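Below is one structure, written out as structure tokens, with a few remarks after it.
The values are calculated or read from the model by the stated rules, or taken from the named source; none is laboratory data. Values in this document were obtained by computation on a predicted structure and should not be read as measured data. As a convention, Cβ positions derive from the backbone with ideal geometry for all residues, glycine included, and neighbour counts pool all protein chains shown. Note: areas computed on protein heavy atoms with side chains; ligands, DNA, RNA excluded. Shrake-Rupley method; radii C 1.70, N 1.55, O 1.52, S 1.80 Å.
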Amino acid sequence: MARVARFERDGSVHTAINLGEGWCELQGDLFGDYRTGPAITVPDSPRLAPVEPPVIFCIGLNYRAHAAEMGLAEPEHPVMFIKAIESLTGHGYPIESPTQAGTEKLDYECELAIVIGKQCKNVSAANALDYVAGYTCANDVSARDWQIDWGGGQFSRGKSFDSFCPLGPELVMSDEIADPNNLRISTRVNGETVQDSSTADMIFNVPTLIEFLSASTTLPAGSVILTGTPSGVGTGRTPPLWLKPGDSVTIEIGSIGSLTNPVVAEAVG
Ligand code: ZN
């Protein structure tokens, strides 16, 4: 049983681990050799993303009702795209609505994020969970105009602007999550529930996604996989619900926790 959090204090980044008896400084490499150091106080907010991933893989259209609300067919194979590392942010930090690039369709997506704990390649679904360090909450923030209309048929542009990948508030190690495909997952915008589902409704479950993504592809330790979002996104609603500066978005997943971010306008020069 362990949880890992990262935060900034007085200009330094701290990593903390809670083995059930309070937070201690984590010394060394979470994915290699580490020790627990002295006790440390951890702020509730803001928190940095709990890991610094080398890559952020994402799966689109992985819940049936979401594929339908996007007007897209249920996929026969997982739909994979990548979010830029620079899009990463943490709990309590703002989602910046792009001013320079511009968007009028800023949207939220609650997603279970997998964190790979051991480098792997060509893993079978039967063994896939052996390579998982743990799980956290993700918001796959999306500018739908860039994703669909202006992105040249590619998802990544509309999902990679700075601050478009909030992760957190902490990494919950996999021994605390008996079944990653049996977790309630929801989004609240300004306190109103807009997505409410279960990770049991994924078309391709967590082991299947790891088998798929690791085929002929190295997944380094620390890799993050966003597993898709259920229905209820802003673009699927009538009328659509777009995020705007002043809003607050909360992603909550089972016992993992709640990831909250305010929305602000990107400040430009
Ligand atoms: Zn997504």
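Can you name every residue in the stretch 56-75 that is in a loop (DSSP other than H, G, I, E, B), modelled with pLDDT of 95 or more and either open to solvent by 30 Å² or more (accessible area, probe 1.4 Å) or touching a Lys or Arg at 6+ places or on another chain (Cβ under 7 Å) (or both)?
none
Would you mention how many residues in the stretch 158-179 are open to solvent by 20 Å² or more (accessible area, probe 1.4 Å) and aromatic (Phe, Trp, Tyr)?
Residues in the stretch 158-179 being open to solvent by 20 Å² or more (accessible area, probe 1.4 Å) and aromatic (Phe, Trp, Tyr): 1 in total.
Name every residue in the stretch 19-38 that is surrounded by 14 or more Cβ atoms within 10 Å (Cβ to Cβ) and either under 21 Å from the mean Cα position of the chain (by Cα) or not in a strand (DSSP E or B) (or both), in order of residue number.
Leu30, Phe31
Among (1) in contact with a Pro (Cβ under 9 Å, 6 or more places away or on another chain); (2) part of a helix (DSSP H, G or I), where does Asp175 come up short?
(1)
Please identify the pairs in which a residue from the stretch 169-182 that is within 19 Å of Gly228 (Cα to Cα) has its Cβ atom under 6 Å from the Cβ atom of a residue that is polar (S, T, N, Q) and open to solvent by 50 Å² or more (accessible area, probe 1.4 Å), counting only partners at least 6 apart or on another chain.
Within 6 Å, the pairs are Asn181/Asn205.
What about Val123, is it part of a loop (DSSP other than H, G, I, E, B) and either within 16 Å of the ligand (Cβ to nearest atom) or open to solvent by less than 30 Å² (accessible area, probe 1.4 Å) (or both)?
yes
Among the residues in the stretch 81-94, are any in a strand (DSSP E or B), surrounded by fewer than 18 Cβ atoms within 10 Å (Cβ to Cβ) and within 16 Å of the ligand (Cβ to nearest atom)?
Scanning the stretch 81-94, I find at least one residue that is in a strand (DSSP E or B), surrounded by fewer than 18 Cβ atoms within 10 Å (Cβ to Cβ) and within 16 Å of the ligand (Cβ to nearest atom), so the answer is yes.
Taking the conditions exactly as written (within 14 Å of the ligand (Cβ to nearest atom) and more than 16 Å from the chain's Cα centre (by Cα)), does Gly246 satisfy them or not?
no
Say whether the condition of being under 30 Å from Gly32 (Cα atoms) and open to solvent by 60 Å² or more (accessible area, probe 1.4 Å) is met by at least one residue in the stretch 228-243.
no
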